[in-house]
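The values are calculated or read from the model by the stated rules, or taken from the named source; none is laboratory data. The structure presented is a predicted model; accordingly, all values stated were derived computationally and were not measured. We place every Cβ from the backbone using ideal geometry, glycine too, and count neighbours over all the protein chains shown.
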Amino acid sequence: MALPDVLITTVTGAASATVGVLVGGIVTRRGQGQQWSREQQLLAYQELLGHYARFTMIIKRAHADRVRWDYEWAEWSAVLTRVGLIAPVAVAEEVDRFGCAVDRFLERVARDVDTVRSPLGEEEFREANAEVAQAQIRLVNAMRRSLGGRQKALTFWIGGSHARTGVRGSP
């Protein structure tokens, strides 16, 4: 084999290896970035739903036990902001709708209601909770889609203070 042929083969091999390493690095970095983003989304989603479950159960128990209650609302606001920072637009829109439903729920069960003197009964609480329960289903399904899951959409809620009446919610 002549020297020019050897040089061309060597240079081509070295260039191919270099390109392969660069492309591999780019693909790996992109994949790691996407994985990091999904992990951060999942953490923010868990935090949001955890806060929601906590304060709804606190309020529900306050009505049932006829006691006063309190919650650190700054944390609720902060977690809404954190989700908004990392969530895709479709999830952020559902978070906004969910937040509005939660606000209407709080208006009915918390802001102007004295849980000691005039607590809501189970049925009144369930009725006040119906809209937010449906918003929760839509939000959870948007979250699941954003995480790349191929699961079917949920048609019912899991957890929280949503009392069932024999009929499952729908998305």
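I need a count of the residues in the stretch 35-61 that are in contact with a helix residue (DSSP H, G or I) (Cβ under 9 Å, 6 or more places away or on another chain) and touching a residue at least 40 places away in the same chain (Cβ under 8 Å).
13
Would you please name the residue that is surrounded by the fewest Cβ atoms within 10 Å (Cβ to Cβ), looking only at residues in the stretch 137-161 that are under 12 Å from the mean Cα position of the chain (by Cα) and of a type in the set (A, V, I, L, M, F, W, C)?
LEU147
Can you name every residue in the stretch 77-96 that is charged (D, E, K, R) and surrounded by 17 or more Cβ atoms within 10 Å (Cβ to Cβ)?
Within the stretch 77-96, GLU94 is the sole residue that qualifies.
Is one or more of the residues making up the stretch 65-73 within 25 Å of TRP157 (Cα to Cα) and modelled with pLDDT of 95 or more?
Taking every residue of the stretch 65-73 in turn, at least one turns out to be within 25 Å of TRP157 (Cα to Cα) and modelled with pLDDT of 95 or more.
What is the residue count in the stretch 97-136 for residues that are under 16 Å from ILE58 (Cβ atoms) and surrounded by 16 or more Cβ atoms within 10 Å (Cβ to Cβ)?
Going through the stretch 97-136 one residue at a time, the tally reaches 14.
Can you tell which of ALA128, ALA64, ALA110 is more than 23 Å from GLN46 (Cβ to Cβ), in a helix (DSSP H, G or I) and free of Cβ contacts under 8 Å to residues at least 24 places away in the same chain?
On the way: ALA64 fails: free of Cβ contacts under 8 Å to residues at least 24 places away in the same chain; ALA110 fails: free of Cβ contacts under 8 Å to residues at least 24 places away in the same chain.
Selected residue: ALA128, the only one of ALA128, ALA64, ALA110 that is more than 23 Å from GLN46 (Cβ to Cβ), in a helix (DSSP H, G or I) and free of Cβ contacts under 8 Å to residues at least 24 places away in the same chain.
Hey, can you tell me all the residues within the stretch 59-92 that are within 21 Å of the chain's Cα centre (by Cα) and closer than 24 Å to ARG117 by Cβ?
The answer is TYR71, TRP73.
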